[in-house]
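Student: Dropping the structure in here first, questions after.
Read-outs: derived from the displayed coordinates by stated rules, not from any lab. All values derive from a computational prediction rather than experimental measurement. Methodologically, a virtual Cβ is constructed for each residue, glycine included, from the backbone with ideal geometry; neighbour enumeration extends over all protein chains shown.
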Amino acid sequence: MSDARHIVTSYGQELQQLRDLMAGMGGAVENQVALATAAILNGDAAVATRAVELDAAVDEQEREAETMVIRMLALRQPMADDLRQIVGAMKITAALERIGDYAKNMARRSIVLGQYRLPFSLTGLANMSRLVQENLKLVIDAMGENDAAKAQQVWQSDQAIDEIYNSIFRELITYMMEDARNITPCTHLLFIAKNLERIGDHATNIAEHVHYAVTGEPLREDRPKGDGSAYAVVRAPDDYEVSSAMQLGAGGGA
């Protein structure tokens, strides 16, 4: 085999290794989110612990991907499609790592939440989590299949998640105003809901990167958004209005 053929083959193998690493990382964070959700809905501290423990492996995968990308950029000097794929991989793995952080934070809060008897249903949170997990699965499929259409479908689906988040936000603020004993568990649920909303946002970010890597064209129109929690106004039981200054920012950290 000639040196030129060997170099091309080696480069192709490196690209495939990077794709395999991204796919494995996507599956890991998908599992993390599923475990964290199950821990919240079932009050299962053991499942929550598993979700938290997975995060170290996800972080290591992100570091490995970054090292591979830097090496390939330095040594291979990729052009055109390959360059978009490689740079996109670094952005995508960074977004996946953040999703893992949010799932870890959800799982940790679920352990605290399990100490409380909740006088209300978590149906809204369960529906929100289902939509988030569907989008996450779809964008990971789009990533593995280089499918720009699937990526755009995820990008357009985030508004429904935001709308459920707005509803949960208002509902939990109302429970807190009605009974001070609800303040602690509802605060944890607010952060959990915000973590889910941010996971949805990162899924759409990944969708944007996948679309660009595949087509070379960015999604130029404004992303459909529906998070109005920063401006929510909740009517308290005694009929005065309380402006919800409880904007949660980035979701309580990771």
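Student: Within the range 58-83, track down each residue that is farther than 22 Å from GLY24 by Cα and buried (at least 16 other Cβ atoms within 10 Å of the Cβ).
Tutor: ARG76, PRO78, listed by residue number.
Student: So which of ALA95, ALA74, ALA80 is under 17 Å from the mean Cα position of the chain (by Cα) and not hydroxyl-bearing (Ser, Thr, Tyr)? First the steps, then the outcome.
Tutor: Details: ALA74 fails: under 17 Å from the mean Cα position of the chain (by Cα); ALA80 fails: under 17 Å from the mean Cα position of the chain (by Cα).
After ruling out the rest, the residue left standing is ALA95.
Student: Give ASN182, ASN127 a once-over and let me know the one that is under 17 Å from the mean Cα position of the chain (by Cα), among the polar types (S, T, N, Q) and assigned to a helix (DSSP H, G or I).
Tutor: On inspection, the qualifying residue turns out to be ASN127.
Student: Select the helices (runs of 4 or more DSSP H) contained entirely in the range 1-108, then report the ones holding at least 3 residues which are of a type in the set (A, V, I, L, M, F, W, C) and closer than 23 Å to ALA207 by Cα.
Tutor: 3-42, 55-76
Student: Picking from ARG98, ARG63, which residue would you name as being without any contact (Cβ under 8 Å) to a residue 12 or more places away in the chain, of a type in the set (Lys, Arg) and more than 17 Å from LEU189 (Cα to Cα)?
Tutor: Numbers: ARG98 fails: without any contact (Cβ under 8 Å) to a residue 12 or more places away in the chain.
Within the list ARG98, ARG63, the selection yields ARG63.
Student: For the subset of the range 113-150 comprising residues that are without any contact (Cβ under 8 Å) to a residue 40 or more places away in the chain and closer than 17 Å to SER167 by Cα, which member is surrounded by the most Cβ atoms within 10 Å (Cβ to Cβ)?
Tutor: Out of the qualifying residues, it is ASN127.
Student: Look at the range 189-209 and say how many of its residues are within 15 Å of GLY124 (Cα to Cα) and not charged (D, E, K, R).
Tutor: Of the residues in the range 189-209, 7 are within 15 Å of GLY124 (Cα to Cα) and not charged (D, E, K, R).
Student: Could you count how many residues in the range 108-146 are closer than 15 Å to LEU35 by Cα and among the hydroxyl-bearing types (Ser, Thr, Tyr)?
Tutor: The qualifying residues number 2.
Student: Looking at the structure I just gave you, is GLY200 touching a residue at least 12 places away in the same chain (Cβ under 8 Å), under 19 Å from ALA36 (Cβ atoms) and either in a helix (DSSP H, G or I) or among the small types (Gly, Ala, Ser) (or both)? Break it down into steps so the answer makes sense when it comes.
Tutor: Numbers: touching a residue at least 12 places away in the same chain (Cβ under 8 Å): yes; under 19 Å from ALA36 (Cβ atoms): yes; either in a helix (DSSP H, G or I) or among the small types (Gly, Ala, Ser) (or both): yes.
So GLY200 passes the test.
Student: Only residues that are surrounded by fewer than 17 Cβ atoms within 10 Å (Cβ to Cβ) and not aliphatic (A, V, I, L, M): list them for the range 171-190, please.
Tutor: Within the range 171-190, GLU178, ASP179, ARG181, THR184 meet the criteria.
Student: Taking the stated definitions as given, is ARG117 part of a helix (DSSP H, G or I) and of a type in the set (Lys, Arg)?
Tutor: no
Student: Just for the range 119-174: of the residues that are out of contact with any strand residue (DSSP E or B) (no Cβ under 8 Å at 6 or more places or on another chain) and of a type in the set (Val, Ile, Thr), which one is farthest from TYR212 (Cα to Cα)? Steps first, answer last, please.
Tutor: If we filter the range 119-174 for residues that are out of contact with any strand residue (DSSP E or B) (no Cβ under 8 Å at 6 or more places or on another chain), which is where we start, we get 119-169, 171-172.
Now narrow it down to the ones that are of a type in the set (Val, Ile, Thr): 123, 132, 139-140, 154, 161, 164, 168.
On the way: THR123: 36, VAL132: 22, VAL139: 13, ILE140: 15, VAL154: 14, ILE161: 23, ILE164: 28, ILE168: 33 Å.
Per the criteria, the residue is THR123.
Student: Another one. Does MET106 count as farther than 17 Å from VAL132 by Cβ and under 13 Å from the mean Cα position of the chain (by Cα)?
Tutor: For MET106, the condition - farther than 17 Å from VAL132 by Cβ and under 13 Å from the mean Cα position of the chain (by Cα) - is not met.
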